[in-house]
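Structure first, then comments.
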Amino acid sequence: YVMTSANECFPMTLLEAQSAGLPCIAFDCESGPRHIITPENGILVEKENVTKLAEAINTLITDQTKRLQLGAKAREEISRFSTEAIYRQWQEKVFSL
């Protein structure tokens, strides 16, 4: 999945793509993608650097092993955004006050 937005808040489409086992490529916005994509599950490129974006896309097109590894890790790591994980954070940080 490739997200070409110059600005994002918290893109649900990235989470949906990762839950389907897709490695994601996105610009490194101030928020959003950098909080979801890690080097283990996708590729962040310098904001608005279309040359680097094209290189990242080419990398995943040509390197099947890397593409599959990133996708598998994406599906695995998505659990940190599960309902249970988020509820636990609310319990620890909000409800325990």
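The values are calculated or read from the model by the stated rules, or taken from the named source; none is laboratory data. Predicted model only: the values in this text are computed from it and were never measured. A quick note on method: Cβ atoms are made from the backbone with ideal geometry, for glycine too, and the neighbour counts reach across all protein chains shown. Areas reflect the complete protein model, heavy atoms only, side chains present, ligands, DNA and RNA absent. Shrake-Rupley method; radii C 1.70, N 1.55, O 1.52, S 1.80 Å.
Of the numbered criteria (1) touching a Lys or Arg at 6+ places or on another chain (Cβ under 9 Å); (2) open to solvent by 80 Å² or more (accessible area, probe 1.4 Å); (3) in a helix (DSSP H, G or I), the one residue 35 fails is (1). If you go through the stretch 44-69 and pick out every residue that is farther than 18 Å from residue 4 by Cβ and part of a helix (DSSP H, G or I), you end up with 7.
Quick one: in the stretch 1-13, which of the residues that are touching a residue at least 40 places away in the same chain (Cβ under 8 Å) and part of a loop (DSSP other than H, G, I, E, B) is farthest from residue 53 (Cα to Cα)? Steps first, answer last, please.
The initial filter retains those residues of the stretch 1-13 that are touching a residue at least 40 places away in the same chain (Cβ under 8 Å), namely 2, 4, 6.
Going one step further and asking which of them are part of a loop (DSSP other than H, G, I, E, B), we end up with 4, 6.
Numbers: 4: 8, 6: 12 Å.
Ranking the qualifying residues of the stretch 1-13, first place goes to 6.
Identify all residues within the stretch 14-32 that are open to solvent by less than 60 Å² (accessible area, probe 1.4 Å) and in a helix (DSSP H, G or I); write none if there are none. 14, 15, 17, 18 - these are the residues of the stretch 14-32 that are open to solvent by less than 60 Å² (accessible area, probe 1.4 Å) and in a helix (DSSP H, G or I). Across the stretch 45-61, not a single residue is classified as under 18 Å from residue 79 (Cβ atoms) and either out of contact with any Gly (no Cβ under 8 Å at 6 or more places or on another chain) or open to solvent by 50 Å² or more (accessible area, probe 1.4 Å) (or both).
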